[in-house]
Amino acid sequence: MSKFPLPPGSTVGIIGGGQLGRMLALAAARLGFDTAVLDPDPDCTAGRVASKRFTAAYDDPEALKGLADACDVVTFEFENAPADAAESLLALGAEVAPPPIALAVAQDRFEEKTFLNGLGVETTPFEPITSARHIGPALDLLGAPALLKTRRQGYDGKGQTWVETHDDAEAAFRRIGRKPAILEARAEFRRELSIVAARARDGEVAAYPLGENFHEAGILRRTIAPAAASKDVQDHAEGIVRRVLTNLDYIGVMAVELFEMEGGRLLVNEIAPRVHNSGHWTLDGCEVDQFEQHVRAIAGWPLGPTEPIAPVEMVNLIGAEVEEWRKLAGDRSARLWLYGKGEARPGRKMGHVNRLRGKD
């Protein structure tokens, strides 16, 4: 007999102690669940709002055994958690959602794009790169300039660089640390969009409206949602995310980042098997936000509504911008979300602000 749906009082495990884990823990608490967080930082922001914490490496066998014993289901707040850790949890008898295959696919850009293309989902053309000498022939196939990205790790613009000419190949490979990579053709897109959706244990899929994203220095700066998009574009995006979720037998929330080309054609930039920065607008724009939706899905509860109750502009607070918290707290148009982090380093996401558009 299935243990799902989990009753209130059950424990949700979260691997990763950052802001996404913190907001997952808060959402779980609102539904009556306890949480246990595994993170190597003893002062991680998610651990400070959790019922229990394990301070250890993500693949520490003893910590994973403790997490498996303490939790009724375990999830992840970031896709670069070791896929082996998820497999270890399964071997220990833990329920893990999303499935480890989703982590494995999303952690390697070559595997991710190969998987997507195999589903008939279009991406930018790409070529694998294992040394600087492969860049020139790939550039001939893809055209210049092209974007060189490490296959693994890399986020918020890290681990990637533009290759302008054949002469730049060696320097470009050095700039990414001489790591296995892919070279992507330049996409002449109109704008960047993303769609956040959830798949429940019974296979139900619920998608939020598209968000339009604006980046600065490789970091998401703001999201406007719902994006001004035709029904055809929304339906196309929902079809993509549904195909990905179903083929991974996915449970939980996923974000798919998209390039909208001329004529409404959509290319997938990448998938994120977790709650996502571009979905923060749902915290104030929907009855059930992405964090509660993820908890509902992994706990075997019915998915909540995804229709917007208000249009929202989400703006990330990066680095020292968080020092404006007094002013923002007094802004009647702003809903302030702070992550409880310490040092406001340049490029570090410290919080975000949601503004209901059209509201003074």
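The values are calculated or read from the model by the stated rules, or taken from the named source; none is laboratory data. This structure is a prediction, so every number in the text was calculated from the model and none was measured. Ideal geometry is used to build each Cβ from the backbone, glycine not excepted, and the neighbour counts take in all protein chains shown.
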query: Among the residues of the range 25-44, which ones are of a type in the set (Asp, Glu) and either assigned to a strand (DSSP E or B) or touching a Pro at 6+ places or on another chain (Cβ under 8 Å) (or both)?
result: Asp34, Asp39
task: Assess whether Ala229 counts as being modelled with pLDDT of 95 or more, of a type in the set (Gly, Ala, Ser), under 20 Å from Tyr250 (Cα atoms) and outside the structural domain of Ile135 (by TED's automatic domain parsing).
output: no
- line: Every listed condition ((1) surrounded by fewer than 18 Cβ atoms within 10 Å (Cβ to Cβ); (2) closer than 30 Å to Ala169 by Cβ; (3) without any contact (Cβ under 8 Å) to a residue 24 or more places away in the chain) holds for Thr55 save (2)
message: Being surrounded by 24 or more Cβ atoms within 10 Å (Cβ to Cβ), within 19 Å of the chain's Cα centre (by Cα) and not aromatic (Phe, Trp, Tyr): is that true of Val288 here?
response: no
- request: Those residues that are part of a loop (DSSP other than H, G, I, E, B) and either more than 17 Å from the chain's Cα centre (by Cα) or free of Cβ contacts under 8 Å to residues at least 12 places away in the same chain (or both), I need them from the range 236-254; list them, please.
  value: Asp249
statement: Selection from the range 109-158 of residues of a type in the set (Gly, Ala, Ser), part of a helix (DSSP H, G or I) and over 18 Å from Ile176 (Cβ atoms) yields Gly118
Matching residues, the range 172-202, being of a type in the set (A, V, I, L, M) and not in a loop (DSSP other than H, G, I, E, B): Ala172, Ala181, Ile182, Leu183, Ala185, Leu193, Ile195, Val196, Ala197, Ala198
- line: Apart from one, (1) surrounded by fewer than 23 Cβ atoms within 10 Å (Cβ to Cβ); (2) in contact with a helix residue (DSSP H, G or I) (Cβ under 7 Å, 6 or more places away or on another chain); (3) part of a strand (DSSP E or B); (4) touching a residue at least 24 places away in the same chain (Cβ under 8 Å) all hold for Leu336; the odd one out is (4)
message: Can you confirm whether Asp168 is outside any strand (DSSP E or B), modelled with pLDDT of 95 or more and more than 21 Å from the chain's Cα centre (by Cα)?
response: no
message: Suppose we keep only residues that are touching a residue at least 40 places away in the same chain (Cβ under 8 Å) and among the polar types (S, T, N, Q) within the range 115-153. Which one would you say is nearest to Asp167 (Cα to Cα)?
response: Ser131
- request: Kindly establish whether Ala94 is part of a helix (DSSP H, G or I) and either crowded, with 20+ Cβ neighbours inside 10 Å or hydroxyl-bearing (Ser, Thr, Tyr) (or both).
  value: no
